[in-house]
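Worksheet: the structure to be examined is printed underneath.
Derivation of every value follows stated rules applied to the coordinates shown; laboratory data play no part. This is a predicted model, so every value here is computed, not measured. Cβ sites come from the backbone with ideal geometry, for glycine too, and all protein chains shown count toward neighbours.
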């Protein structure tokens, strides 16, 4: 079970290395670590904004945790990652198959209380019905990071990093 969950997370994380962006030799990149880091940070910020907009576009917003959860990390001047660590991201991205294990009712109670304006036993009963419905019908996926046009825009932004570094070095 943990390996399937990790596999889903690996599909959601977007890792880009300058070596993936073209055929230029790596020695070019190693000459400008500071420039590359700065440009990778700019590309990471752009990618996060694209993913936040996509999250809002697919209406994957309740409290806004998922939209705010998109982050980037520049690991080195050769490596950057865009990711989201919110627990619901896997279910929004990949959906949930009909007939899969029923989600825990207690986990749905706060959502039911916010959306149906009920509390106590009434909220628990509605949460139970919702959990049963999810088990029977599943949840349709709403791709965000796995959405192909968004992935292309992000790859393009990171490719621009290489072009910017080359232009800056020519000055």
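What's the exposure ranking of 132, 152, going from fewest to most Cβ atoms within 10 Å? Walk me through the numbers before you get to the answer.
On the way: 132 13, 152 10.
With the sparsest Cβ surroundings first, the list reads 152, 132.
Using only alpha carbon positions, build the gyration tensor of region 55-125, then give the equivalent ellipsoid semi-axes as the square roots of 5 times its eigenvalues, largest first, whole angstrom.
So the equivalent ellipsoid measures 31, 15, 11 Å along its semi-axes.
Listing 94, 136 from the residue with the fewest other Cβ atoms within 10 Å to the one with the most, what is the order?
Values: 94 20, 136 11.
So the residues, fewest neighbours to most, are 136, 94.
So, R0 is 45 Å and r is the distance between the beta-carbons of residue 163 and residue 97; what FRET efficiency does that work out to, to 0.05? Display every interim value, and only then the final one.
Values: r = 42 Å, r/R0 = 0.93.
After rounding, the FRET efficiency stands at 0.60.
How do 158, 116 rank when sorted from fewest to most other Cβ atoms within 10 Å of their own Cβ? Intermediate results must be reported in sequence, preceding the final value.
Working: 158 24, 116 13.
Listing 158, 116 from fewest to most nearby Cβ atoms yields 116, 158.
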